[in-house]
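Chemist: What follows is a single structure, and I will ask about it in a moment.
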Amino acid sequence: MKEKKYSAIVTGVGMYVPDKVYDNAYMETIVDTTDEWITARTGIKERRILENGATSDLAANAALDLIKAHNINPDEIDLIIVATVTPDMFFPATACLVQNKIGANTAWGYDISAACSGFLFAFQTGCSFVESGQYKKVLVIGADKMSSITDYTDRNTCILFGDAGAAVLIEPSEDKSLGLQDYILRVDGAGEESLYMLGGGSLNPPTHDTVDKKMHYLFQDGKAVFKVAVKGMADVSYELMQKNGLTGDDVAYLVPHQANMRIITATAERMGLGMDKVMVNIDKYGNTTAATIPLCLVEYYRDSKLKKGDKIILSAFGAGYTWGSSLLVWGI
Ligand code: UT7
């Protein structure tokens, strides 16, 4: 990596999940499925659903939780980056709505669309501003209201997703042994065939026909995505370890995108990590897209399981295809 002025470290975390729970017993009442199938095939037990409000509420509540927990003055926030594929509207950007809701009066911001890899892409971008010395406080938020694009008559997808928002604050440090150390990020647009939402954009602007054809719901060829996700996440995480001369013993935690417990296990195996070194909360929240990785970070940090100096590898795979891994040394 290019020589940087500062190291970008995470100095604060926050999260928000709505109260409403759809557990597997409830899913059994709306589609032809069973708790046994969902648990065995995905590891998910329940997911949270936002009944009133939008993605900016998930994101703003996560940011406010961070601001309160770490006693941050919102006026000191320079930049807000929101990773999401379920923005409140095409425009304005969700980051603008969040800026207003949290009273970050001097911040600017924008959204990043990289689906389940959104947080990784946004985190890398936010860190660059800090590493260059340009900004002192960058808020990176992963938030998705997946229930707004989920077809609750499709058992292939509706059992997978949930709603959540989670945020991290990035600040500069003189200590280069802490913070973001390295990353590998990739995209492959050929993946558009297996995971997408066809309707509503400039390709298929909304009409009665697009709505009748359910084109405003996400579609996933689960089997196809599963195969490339296992390979993509495992390969890139292993490559990042090799590149940085790390063995499984050096890594405190893998922080994987929470899409499927079987993908998480396969990635950990390839990295030579026992499951005690893998952050997991898919059972409680399902796949919350851009929120999964920061949600894990918040919970493990608040449970005192994540300590200053821990080397952690964040890894994700999602629509695009987009995927990647980041090596981060925890800074608080
Ligand atoms: O986060 C972004 C990236 N996304 C991912 O990483 C997700 C990757 N894919 C997956 O996680 C898995 O493919 C799924 C969990 C989506 C599906 O698991 P699978 O083991 O790949 O199942 P499948 O799609 O091959 O389906 C196996 C069977 C099918 O029945 P038949 O055709 O064999 O008779 C499905 O119809 O399971 C059936 N099935 C269900 N049965 C009960 C599909 N969904 C359900 C369900 N309940 N909810």
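The values are calculated or read from the model by the stated rules, or taken from the named source; none is laboratory data. All of these numbers come straight from a predicted model, not from anything done at the bench. Backbone-built Cβ (ideal geometry, glycine too); neighbour counts: all protein chains shown. Heavy atoms of the whole protein, side chains included, go into the accessibility calculation; ligands, DNA and RNA do not. Shrake-Rupley method; radii C 1.70, N 1.55, O 1.52, S 1.80 Å.
Chemist: For the structure I just gave you, tell me whether I264 is over 24 Å from A60 (Cβ atoms), hydrophobic (A, V, I, L, M, F, W, C) and assigned to a helix (DSSP H, G or I).
Modeler: Here the answer is yes, as I264 does meet what is asked.
Chemist: Right, next: Just the residues that are over 20 Å from L297 (Cα atoms) and either more than 15 Å from the ligand (Cβ to nearest atom) or among the aliphatic types (A, V, I, L, M) (or both), please, taken from the stretch 148-193.
Modeler: Listed by number, the residues that qualify are S148, I149, I159, L160, E174, D175, K176, V187, G189, A190.
Chemist: Among (1) more than 16 Å from the ligand (Cβ to nearest atom); (2) within 20 Å of F129 (Cα to Cα), where does P87 come up short?
Modeler: The single condition P87 does not satisfy is (2).
Chemist: Let me ask something else. Within the stretch 126-228, which strands (runs of 3 or more DSSP E) (wholly inside it) include 1 or more residues that are among the charged types (D, E, K, R) and over 28 Å from K284 (Cα atoms)?
Modeler: Correct list: 163-173, 179-187.
Chemist: Next up: For the stretch 239-251, which residues satisfy the criterion of being assigned to a helix (DSSP H, G or I) and open to solvent by less than 60 Å² (accessible area, probe 1.4 Å)?
Modeler: L240, M241, G248
Chemist: When the stretch 124-146 is examined, which residues are found to be open to solvent by less than 20 Å² (accessible area, probe 1.4 Å) and within 16 Å of the ligand (Cβ to nearest atom)?
Modeler: Within the stretch 124-146, G142, A143, D144, M146 meet the criteria.
Chemist: Going by the structure shown, is F121 outside the structural domain of Q220 (by TED's automatic domain parsing), within 19 Å of the chain's Cα centre (by Cα), within 15 Å of the ligand (Cβ to nearest atom) and open to solvent by 20 Å² or more (accessible area, probe 1.4 Å)? It would help to see each step written out before you state the result.
Modeler: Working: outside the structural domain of Q220 (by TED's automatic domain parsing): yes; within 19 Å of the chain's Cα centre (by Cα): yes; within 15 Å of the ligand (Cβ to nearest atom): yes; open to solvent by 20 Å² or more (accessible area, probe 1.4 Å): yes.
Taking the combined requirement at face value, the residue satisfies it.
Chemist: Hey, another quick one. From S128, S113, S147, which residue is among the small types (G, A, S) and within 15 Å of A8 (Cβ to Cβ)?
Modeler: S128
Chemist: Quick check: anything in the stretch 210-217 polar (S, T, N, Q) and open to solvent by 30 Å² or more (accessible area, probe 1.4 Å)?
Modeler: To start, the set of residues in the stretch 210-217 that are polar (S, T, N, Q) comprises 210.
If we keep only those that are open to solvent by 30 Å² or more (accessible area, probe 1.4 Å) too, we end up with none.
Checked the stretch 210-217: no residue is polar (S, T, N, Q) and open to solvent by 30 Å² or more (accessible area, probe 1.4 Å).
Chemist: I'd like to verify a number: residues in the stretch 31-73 that are more than 16 Å from the ligand (Cβ to nearest atom) and open to solvent by 30 Å² or more (accessible area, probe 1.4 Å), how many?
Modeler: So the count comes out to 13.
Chemist: Related question: When you check V236 against the structure, is it more than 10 Å from the ligand (Cβ to nearest atom), in a helix (DSSP H, G or I) and surrounded by 13 or more Cβ atoms within 10 Å (Cβ to Cβ), yes or no?
Modeler: For V236, the condition - more than 10 Å from the ligand (Cβ to nearest atom), in a helix (DSSP H, G or I) and surrounded by 13 or more Cβ atoms within 10 Å (Cβ to Cβ) - is met.
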